[in-house]
Amino acid sequence: MVLQLLVVAAGAPLLVGLMRQIRARLEGRAGAGVRQPWRDLRKLVRKEAIAPHGTGWLFRAAPPLLAGTTLVVAAAVPLVTADSPLDGVADLFAVAALLALGSVALALGGLDTGTAFGGMGASREMTVLALVEPTILLAVFALSIRVGTTDLGAIVIATASSPLSLISPVSLLAAVALAVVTIAESGRIPVDNPSTHLELTMIHEAMILEYAGPDLALIEWASAMRLTVMLGLFAGLFAPFGIATAGAGPIALLVAVVAFAVKVALLGGVLAAGEVFMAKLRLFRIPELLAGSFLMALLAVAASFFLA
Amino acid sequence: MTDPLYVQTLDLACGAFLLTGVLVLWRRDLAAIIWLFALQGVALGALIAVRGLHEADVELTVLGLGVGLLRAVLLPYLMRRALAAGEEGREARPHVSVAASLLVTAVLTMIAYAVSQPLVRLAPTPATQAVPIALTVLLVGFFVLVTRRRALSQVVGFLLMDNAITAAAFLTTTGVPLVVELGVSLDVLLAVLALQVLTTRMRAAFGGTDLDELRELHD
């Protein structure tokens, strides 16, 4: 599990770098290289910590809280190994709640600055969050009905032992719902544009506009980890191949790490390539998209009763 | 066809049937709606054919192929022609907003499930257990028919209902007699043809097919 944490913590910025590189190449630019996010983080950490006038402890507490919840989620979710010491405590509901806690902390931090951008970003983030969280819960819940437990590790192990059960309407509907939600949660196009700073449409960037130095580094790092964890969870639930189980040897663990890296890199690559061809949705259309994914998740739960 | 394979393919066809039906509500682009309707036709044909293969009934299998051909190729072709004849290709302002109608669909699904429970309990087989899906699509089709403005999307709503009725018939029984199914299919074809003529005339007379603007008599 320590291995899993290390892989996520070290690999997340690389994933972001890889996605930026793919985008750059597809758009005909040379790109800054896969390791650029790490270089950015190093640069930011060396800077002086600075907080705007009039901000309180909320503003300073948000980045560590975001990074902390993300690290706990990264430890609890079956990414490299399905065996987690947090089993029994950290099931699907706990994971969704932790993700929500991180988002709420960041939104409060954005509100605390009292600037127009921070408040706007926070209110938009809440709009998205209100539809994203129930969808995550329902989509994974639909998968858990077959297994009979909400423990994520158990779901992944059960799917790995009978891969044919993936080709069912329940899994397909849940996969579509979870894919949309993953994109929304990690703030990618078409819900949010991670590389804009000037448009009125930004969501995530608006909230962190006032952060600088080590705080910003912490947030950037945590966002990268959230993206990695969400993609890893998606890959683990719908392609649970190579995930190590309890008591696996070092070779199995190595295979699991490689499989995890390949799966997440593949998903990230597809996401980045898709972003090149897509425009950002209008903000008012986002609830439509998310309501659609919520409906998919609900239909997945319903279908698991219809077609039992 | 072995039993687990039969159940899985049947479930898959039903899932695709449901998904395409619901997605019709989601898209505003009329061309995309027609595409979804064509995909649903494929799912319906597959559903019938799978049941035919399972019962080792050649007639049913051929019927499935025929239904699939009619609903996945011929009807979408006709509708695409009506669309290409110069209508603006978007459902701009449905009576109920898209997000709200998606949530209504969630409620409709629950209603369909609750209503069809007695039916399923009569003879619980994998096929009858999928009846709620047909009922859901029926209700969604009705909802599209009521809340959309464009003539073409209302046609799609009507055809969704017809698809759902056919699906329900084939899920609950081992099949309607061939003559009846042929009659129904011809009826649907005629209805679409008539509607195509009607939309052409409407466009010639009023310059659009927004049915809400046809409340008053024109000179």
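Could you tell me which of rounded, prolate or oblate describes region B:1-132, using a ≥ b ≥ c as the square roots of the eigenvalues of the alpha-carbon gyration tensor, with rounded for a/c under 1.5 and, failing that, prolate when a/b is larger than b/c and oblate otherwise? Oblate, since a/c reaches 1.5 and b/c is not below a/b.
Taking the helices alone, the protein assembly as shown has a mean residue ellipticity at 222 nm of -25000 deg cm²/dmol, built from -39,500 (n - 2.57) per DSSP H run of at least 4 residues and averaged over all its residues. Ranking B:Trp26, B:Ala72, B:Val120 by Cα position along the charge dipole of region B:3-214, where only Lys, Arg, Asp and Glu carry charges on their C-beta atoms, puts B:Trp26 farthest toward the positive end. Modelled spin-label separation between A:Val89 and B:Ile165, with each label point placed 7 Å from Cα along the Cα-to-Cβ direction: 6.0 nm.
Computed from Cα positions, the angle between helix A:250-277 and the longest principal axis of chain A comes to roughly 60 degrees. Here the contact order of chain A, divided by its residue count and restricted to Cα pairs under 8 Å and six or more residues apart, works out to 29 percent.
Once the chain from A:Ala10 to A:Leu166 is taken as fully extended at 0.36 nm per residue, the excess over their C-alpha distance is 53.1 nm. Potential lengthening of the chain between A:Met1 and A:Thr149 amounts to 51.2 nm, from the contour at 0.36 nm per residue minus the alpha-carbon distance. A cut-off of 5 Å between modelled amide H atoms, ignoring neighbours fewer than 5 places along the same chain, links A:Asn193 with A:Ile203.
Would chain A count as rounded, prolate or oblate if I go by the C-alpha gyration tensor, calling it rounded below 1.5 in a/c and otherwise prolate when a/b exceeds b/c, oblate otherwise? Prolate shape, in that a/c is at least 1.5 and a/b is the bigger ratio.
Within chain A, the longest run free of exposed loop sites, counting trypsin sites (Lys or Arg not before Pro) that sit outside DSSP helix and strand states (H, G, I, E, B) and have at most 15 other Cβ atoms within 10 Å, spans A:48-281. Counting only GluC sites (Glu not before Pro) that are in a DSSP loop and have at most 15 other C-beta atoms within 10 Å, tell me the longest site-free stretch of chain A. Value returned for the longest uninterrupted segment is A:49-198. Please work out whether region A:162-308 counts as rounded, prolate or oblate from its C-alpha gyration tensor, where a ≥ b ≥ c are the square roots of the eigenvalues and a/c under 1.5 means rounded, while otherwise a/b larger than b/c means prolate and anything else oblate? The shape class here is oblate. Comparing A:Val132, A:Val170, A:Val72 in a Gaussian network model of chain A, where Cα atoms under 10 Å apart are tied by springs, the biggest mean-square fluctuation is seen for A:Val72. Taking every alpha-carbon pair under 8 Å whose residues sit at least 6 apart, chain B reaches a relative contact order of 21 percent. A simple charge model with +1 on the Cβ of Lys and Arg, -1 on the Cβ of Asp and Glu and nothing else charged puts the dipole of the protein assembly as shown at about 1100 debye relative to its Cα centre. Between B:Val107 and A:Ala246, the modelled label-to-label distance comes to 4.6 nm, taking each label 7 Å out from Cα in the direction of the beta carbon. Taken about its Cα centre, chain A carries a charge dipole of roughly 800 debye when the Cβ of each Lys and Arg holds +1 and the Cβ of each Asp and Glu holds -1. For the residues B:Met161, B:Met79, B:Met110, a GNM of chain B with alpha-carbon springs under 10 Å puts the largest fluctuation on B:Met110. Neighbouring Cβ atoms from other chains, within 10 Å of the Cβ of residues in B:5-15, number 4 on average. Distance from a point 7 Å along Cα→Cβ of B:Val179 to each backbone N in region B:48-70: keep the residues under 18 Å and list them by number. Taking a point 7 Å out along Cα→Cβ of B:Val179, the residues of region B:48-70 whose backbone N falls under 18 Å are B:59-60, B:63.
Which part of region B:139-182 falls in the paramagnetic zone of B:Val62, meaning amide N under 14 Å from the point 7 Å along Cα-to-beta-carbon? The answer is B:178-179, B:182.
Helix B:98-122 axis versus longest C-alpha principal axis of chain B: approximately 30°, rounded to the nearest ten. Tell me, what is the FRET efficiency for B:Arg81 and A:Arg25 to the nearest 0.05, using R0 = 35 angstrom and their Cβ-Cβ distance as r? Efficiency for this residue pair is about 0.25.
Once the Cβ-Cβ distance of A:Leu58 and B:Val146 is raised to the sixth power relative to R0 = 41 Å, the FRET efficiency obtained is 0.30. Would you mind checking the tilt of helix B:58-69 against the longest principal axis of the Cα atoms of chain B, expressed as 0 to 90 degrees and rounded to 10? Tilt relative to chain B: about 20 degrees. Neighbouring Cβ atoms from other chains, within 10 Å of the Cβ of residues in A:250-259, number 0 on average. Legend: ranking of residues B:Asp29, A:Asp112, A:Asp192 from fewest to most surrounding C-beta atoms inside 10 Å; resulting order B:Asp29, A:Asp112, A:Asp192. When the label point is put 7 Å from the Cα of A:Ala212 along its Cα-to-beta-carbon vector, which residues of region A:101-121 have a backbone N closer than 18 Å? Counting backbone N atoms under 18 Å from the label point, the list is A:110, A:112-118.
A short reminder: the numbers here are calculations on the coordinates, not readings from a lab. Being a predicted model, the structure only gives us computed values, none of them experimental. Reconstructed Cβ throughout: ideal geometry from the backbone, glycine too, with neighbour counts over all protein chains shown.
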